[in-house]
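The values are calculated or read from the model by the stated rules, or taken from the named source; none is laboratory data. Computed from a predicted model, the values in this text were never measured in an experiment. Backbone-built Cβ (ideal geometry, glycine too); neighbour counts: all protein chains shown. The protein model used for the area step is the full one, side chains on, heavy atoms only, and it has no ligands, DNA or RNA in it. Shrake-Rupley method; radii C 1.70, N 1.55, O 1.52, S 1.80 Å.
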Amino acid sequence: MTMIFGVPLAVFMGQLMLGLINGAFYALLSLGLAVIFGLLKIINFAHGAQYMLGAFAAMLALEYLGINYWAALLLVPLVVGALGVVIERLVLRRIAHLDHLYGLLLTYGLALILEGTLINIFGVSGSSYPTPEALLGGLNLGFMFLPTYRAWVLVAALVVCVGTWFVIERTRLGAYLRAGTENPALMQAFGVNVPQLITLTYGFGVALAAFAGVLAAPLYPVSPTMGSSLLIVVFAVVVIGGMGSILGAVLTGLAMGLIEGLTKVYYPEAANTVIFLVMILVLLLRPAGLFGKEA
């Protein structure tokens, strides 16, 4: 039997792949947070609740409307993203001129309201969402058996992350977004509707969270608390990568998933804390984060 540092190859690669799958979710959720904070300077503590809403919307759409997984993957981010647009217009815009702390407290309150409401309606126990038939089964890689759905999650998350980075960093639209947040008065003088740009950006960040929620529904129990348990880890990932860094969010999310997976192999007791240990080290050595810009 092939061993790697005293661990069977199949076990080692299995945990590595599991870590990569978790890392894909970290990357996708961190990306949404980074987009919202990097472009709008809003610390969106409702991000975990919006991720949870994506999973719940997919489950309820299937149960009551017969909307399948593939349709939900397209429709749910649009619906939850539209809810994000309403939140930005009616609530967040009113405190945009205040300190970041007010946005954090407000979005945290929204998260508690959403989570508490769904707990009262559905309870805290999780519900299952069926894996789509086209993605049942698995791939025999020789050294391990990889479920097809997990492979799909990894590919879909990477495509969305890379596509988002490209649009924001390499296109004219992305240039407008960055310029509109750095110098809104100048952009409005050129005829750009900056408030609408900000609203759509927040809606897009929320849609990313909902997309991750739909991807997660067949993998994890769909429950009102599924977002809150993940949010703190995702915030740690964003801090490590650098607040507001799009590339940092994606790369750090994947890297932290791999580190977490390897820790489960060699020292399982530390698996739930290793990301926070890395965060402490990064803050001590490079407070702006690995990819963040020093003030």
Using protein chains only and a probe of 1.4 angstrom, how many square angstrom of HIS100 are accessible, to the nearest 10?
90 Å²
Above 15 angstrom, tally the Cα pairs of segment 124-176 and express them as a % of all pairs, no decimals.
66 percent
Could you work out what % of the accessible surface of segment 17-129 is carbon and sulfur, using a 1.4 angstrom probe and leaving DNA, RNA and ligands out of the count?
70 percent
Highest GNM mean-square fluctuation among GLU88, GLU169, GLU260, for the chain with Cα springs under 10 Å, belongs to GLU169
Take the chain, connect every pair of alpha-carbon atoms lying under 10 Å apart with a spring to form a Gaussian network, then pick out the residue of LEU247, LEU208, LEU29 with the largest mean-square fluctuation.
LEU247
At what distance in nm do the modelled label points of LEU60 and ASN183 sit from each other, each positioned 7 Å from its Cα along Cα→Cβ?
4.5 nm
When N counts the residues of the chain, how does its alpha-carbon radius of gyration compare numerically with 2.2 N^0.38 Å, as a ratio?
1.02
Expected unfolding gain across GLU269-VAL124 under the 0.36 nm per residue rule, minus the alpha-carbon gap, is 49.6 nm
Which value, in debye to the nearest 20, gives the size of the charge dipole of the chain about its Cα centre, when Lys and Arg are +1 and Asp and Glu are -1 at the Cβ?
480 debye
Quote to one decimal, in nm, the extra length available between HIS97 and ASN140 on full extension: 0.36 nm per residue of separation minus the C-alpha distance between them.
10.0 nm
Potential lengthening between ILE232 and LEU284 on full extension [0.36 nm per residue; Cα-Cα distance subtracted]:
16.8 nm
Based on alpha-carbon atoms only, what is the radius of gyration of segment 200-295 relative to the globular estimate 2.2 N^0.38 Å?
1.16
Let's test the formula: R0 of 35 Å, r as the Cβ-Cβ distance of VAL162 and LEU277. What FRET efficiency results, to the nearest 0.05?
0.80
Among 132-139, 285-292, 218-225, 33-40, how do they line up by average Cβ neighbours within 10 Å per residue, starting with the highest?
33-40, 218-225, 285-292, 132-139
Using distinct alpha-carbon pairs, which all enter the 1/r mean, Kirkwood radius of segment 1-125 in Å:
17.1 Å
Which value, to two decimals, describes the C-alpha radius of gyration of segment 119-257 once divided by 2.2 N^0.38 Å?
1.30
Relative contact order for segment 136-295: what percent, with Cα pairs under 8 Å and sequence separation of 6 or more?
15 percent
What longest range of the chain stays clear of loop-exposed trypsin sites (Lys or Arg not before Pro) (DSSP non-H/G/I/E/B, at most 14 other C-beta within 10 angstrom)?
42-292
For a quick check: with amide H placed at 1.01 Å from N, whose amide H comes under 5 Å from GLY244's, ignoring anything fewer than 5 positions away on the same chain?
GLY38
Karplus couplings for segment 73-82 from phi (6.51 cos²θ - 1.76 cosθ + 1.60, θ = phi - 60°), rounded to Hz, Gly and Pro as x?
4, 9, 7, 4, x, 5, 5, 5, x, 5
